[in-house]
Amino acid sequence: MKCHIGVDAGSGLVHTITVTAANEHDITQTAKLLREDDEVV
């Protein structure tokens, strides 16, 4: 299992967490971790 965590760059607070199987590529979760107001990836 892997946890993918989206964090606010300004405050450092976690805003999104997804969990996948260990054999799934990290890039598949990118769209789920981004928010509309994100300016930096």
key: Every residue from the range 1-22 that is in contact with a strand residue (DSSP E or B) (Cβ under 9 Å, 6 or more places away or on another chain) and of a type outside the set (A, V, I, L, M)   = LYS2, CYS3, HIS4, GLY6, ASP8, HIS15, THR16, THR18, THR20
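Residues checked against (1) out of contact with any Ser or Thr (no Cβ under 7 Å at 6 or more places or on another chain); (2) surrounded by 11 or more Cβ atoms within 10 Å (Cβ to Cβ); (3) at pLDDT 90 or above:
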position	(1), (2), (3)
HIS4	no, yes, yes
THR18	yes, yes, yes
ALA31	yes, no, yes
VAL41	yes, no, no
remark   = Per the filter on the chain, residues among the hydroxyl-bearing types (Ser, Thr, Tyr) and out of contact with any Asp or Glu (no Cβ under 9 Å at 6 or more places or on another chain) are SER11, THR16, THR18, THR28, THR30
ask   = Within the range 16-34, which residues are outside any helix (DSSP H, G or I) and over 14 Å from CYS3 (Cβ atoms)?
value = ASN23, HIS25, LEU34
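The values are calculated or read from the model by the stated rules, or taken from the named source; none is laboratory data. Just so it is clear, the model here is predicted, and its values are computed rather than measured. Backbone-built Cβ (ideal geometry, glycine too); neighbour counts: all protein chains shown.
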